[in-house]
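Student: I am attaching a structure below and will ask some questions about it afterwards.
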Amino acid sequence: MTKPSILVTRATFPEVLDKLAQHFEVEDNQPDTAWSKQDLIARLKGKTGVFTTSGEAIDADVLAACPELRICANTAVGFNNFDLKAMTARGVLGTNTPDVLTDSTADFGFALLMATARRVAESEHYLRAGKWDRWRYDLFAGTEVNGSTLGILGMGRIGQGIARRGAHGFGMQVIYHNRSRLPAEQEAACKARYVSKEELLREADHLVLVLPYSPEAHHAIGAAELAQMKPTANLINIARGGIVDDAALAAALRDKRIAGAGLDVYEGEPKVHPGLLAVPNVVLTPHIASATMPTRLAMGMLAADNLIGYLVHGKPLTPLNPEVLERK
Ligand code: 8YV
């Protein structure tokens, strides 16, 4: 029997490709060449499955041009690169990689929070530039983390991981806002109190964004929201570009309307708003919140298992639109 053909859009672990090759004819992209949408379509034509990262948009045009496609397996928990409605309408399954990245991503959220509050990057640049000549009482004095108020916008698995770290590790008071309130036992496990978005903005000393991107979440934090935050507060975004209005944030940081920001994601990344590059009170990282080798391997393996699970055994592990399965 001929093996189904699949496309792997970006470079990945050889172990992941080996696993896929046991079941599929695999076209890979180990040179990690940047493909245009047309390049992607040209390679995807005739393929049954695709292994994607959040950088490749699977939209109505791609789906229309590739009618043989049955599954798109994202190596990401976020899936705003998928037009899930169009996929469901065409009977194409989408899968993501939840759980395997929760802890390493929550760790990184905390790393960014700490680096921002304690001015780690800014002070290191100062030292490397040879500017450190003597100790001073207020040299790079930052914001307190222990005992402060941690605000979380978006309280899924990663948000709860950050809450647990803050409450149990740093004795922080945790408040959160989410589309829906958590059950009482989950709130108790991370010692988190549900508040309105207004109270969250007003009370947080450190505000961490972990909500999924959707058109409704576009610019959830813009000039009006930044104006409600404490001038001593820090904003951390490990969610998705577009949730924060980066131009408004750059202006708020420049005018010291908030103390600092730690950002891992950007509007239009990998481009970064020039206003953010121009201010010292922001820590900027290149979308690496899930980037530990074990976690990235687990994400790749889960995406591969979703392709094998669906195309070989009819049972994907983490489907996003299970209604496609029910229709079969
Ligand atoms: C991915 C992410 O590594 O999981 C997500 O949603 O943002 C990252 O962990 C990145 O999106 C590449 O797919």
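Student: Does anything in region 73-98 have its amide N under 19 Å from the 7 Å Cα→Cβ label point of ARG157, and if so which residues?
Tutor: What the label zone holds, given the 19 Å backbone N cut-off, is 73-82, 94-98.
Student: Shifting gears a bit: Which FRET efficiency value, to the nearest 0.05, do you get for ILE41 and ALA291 by plugging their Cβ-Cβ distance into 1/(1 + (r/R0)^6) with R0 = 41 Å?
Tutor: Given R0 = 41 Å and the Cβ-Cβ separation, E is 0.90.
Student: With all protein chains present and a 1.4 Å probe, how do THR318, THR292, THR2 order by accessible area, largest first?
Tutor: Listed by decreasing accessible area, they come as THR2, THR292, THR318.
Student: Right, next: List every residue whose amide H lies under 5 Å from the amide H of GLY262, counting only residues 5 or more places away in sequence or on a different chain, with H placed 1.01 Å from N in the peptide plane.
Tutor: HN-HN under 5 Å from GLY262: LEU235, ILE236, ASN237, VAL283.
Student: Next up: Quickly rank 185-193, 8-16 as a protection proxy: mean count of other C-beta atoms within 10 Å, highest first.
Tutor: Taking the mean over residues of other Cβ atoms within 10 Å, the ranking is 8-16, 185-193.
Student: Now for a separate question. Kindly sort LYS315, LYS197, LYS47 by accessible area of their heavy atoms, largest first, with the probe set to 1.4 Å. Display every interim value, and only then the final one.
Tutor: Working: LYS315 150, LYS197 50, LYS47 25 Å².
If we order LYS315, LYS197, LYS47 from most to least accessible, we get LYS315, LYS197, LYS47.
Student: Heavy-atom accessible area per residue, the chain, 1.4 Å probe: how many Å²? Please report the intermediate quantities before stating the final value.
Tutor: Numbers: 15690 Å² over 328 residues.
With the other protein chains kept in place, the chain gives 48 Å² per residue.
Student: With n ≥ 4 as the cut-off for DSSP H runs, can you work out [θ] at 222 nm for the chain, using -39500 (n - 2.57) per run divided by the number of residues, rounded to the nearest 500?
Tutor: -10000 deg cm²/dmol
Student: Roughly how much of SER180 is accessible, in Å² to the nearest 10, using a 1.4 Å probe?
Tutor: It works out to around 70 Å².
Student: Now, a different point. Would you be so kind as to identify all helices of the chain, as entire DSSP H runs, whose Cα atoms reach 18 Å or more along the helix's own axis and whose mean Kyte-Doolittle hydropathy is at least 0.5?
Tutor: Going by DSSP H runs, the hits are 102-117, 293-311.
Student: Another question, if that's okay. In debye to the nearest 20, how big a dipole does the chain give about its Cα centre with +1 on each Lys and Arg Cβ and -1 on each Asp and Glu Cβ? Please list the in-between numbers first.
Tutor: Details: 35 positive and 37 negative charges, 52 e Å.
For this selection, approximately 240 debye.
Student: Would you count, across region 102-284, every pair of lysines whose alpha carbons are under 26 angstrom apart, provided the pair is eight or more residues apart or spans two chains?
Tutor: For region 102-284, qualifying lysine pairs total 6.
Student: Restricting things to Cα coordinates, could you compute the convex hull volume per residue of the chain in Å³?
Tutor: Numbers: hull volume 49.6 nm³, N = 328.
Taking only Cα atoms, the chain has a hull volume of 151 Å³ per residue.
Student: So for region 102-284, taking the charge dipole from beta-carbon charges (+1 Lys/Arg, -1 Asp/Glu), which of ALA239, ALA111, ALA217 sits furthest toward the positive end?
Tutor: ALA111
Student: Here is a further query. Multiplying the sequence separation of GLU323 and ALA184 by 0.36 nm and subtracting their Cα-Cα distance, what value in nm do you get? If you can, show how the numbers build up before the last one.
Tutor: On the way: separation 139, 0.36 × 139 = 50.04 nm, distance 2.99 nm.
Extending this stretch completely gives an extra 47.0 nm.
Student: Express as a percent, rounded to the nearest 5, the fraction of DSSP beta bridges in region 1-136 (both residues included) that run antiparallel.
Tutor: Percent antiparallel among DSSP bridges in region 1-136 is about 0.
Student: If amide H atoms are built 1.01 Å from N in the plane of the peptide, which residues on other chains or at least 5 residues away come under 5 Å of the amide H of PHE51?
Tutor: For PHE51, the qualifying residues are LEU7, VAL8, THR9, ALA73.
Student: Expressed as a whole percentage, what fraction of the accessible surface of the chain belongs to carbon and sulfur atoms when a 1.4 Å probe is rolled over the protein heavy atoms?
Tutor: 54
Student: Shifting gears a bit: What spacing in nm lies between the two simple spin-label points modelled at ALA60 and ALA34, each 7 Å away from Cα in the Cβ direction?
Tutor: Taking the two extended label points, one gets 2.8 nm.
Student: Shape verdict for region 143-225, please, from the Cα gyration tensor: rounded (a/c under 1.5), prolate (a/b greater than b/c) or oblate.
Tutor: Verdict is oblate for region 143-225.
Student: Okay, moving on. Multiply the residue separation of ARG90 and PHE13 by 0.36 nm, subtract the distance between their alpha-carbon atoms, and state the gained length in nm to one decimal.
Tutor: 24.7 nm
Student: Another question, then. What's the extension gain from VAL312 to ASN146 if we count 0.36 nm per residue and subtract their Cα-Cα distance?
Tutor: My answer for the length gained is 54.7 nm.
Student: Let me ask another. Starting from the 7 Å offset along Cα-to-Cβ, what nm value, one decimal, do you get for the label separation of GLU216 and ALA247?
Tutor: Here the modelled spin labels are 2.6 nm apart.
The values are calculated or read from the model by the stated rules, or taken from the named source; none is laboratory data. What you are looking at is a predicted structure, and each value in this text was computed from that prediction instead of being measured. Cβ atoms come from the backbone with ideal geometry, glycine included; neighbour counts cover every protein chain shown. Remember, those area values only see protein heavy atoms, side chains included, never the ligands or the DNA or RNA. Shrake-Rupley method; radii C 1.70, N 1.55, O 1.52, S 1.80 Å.
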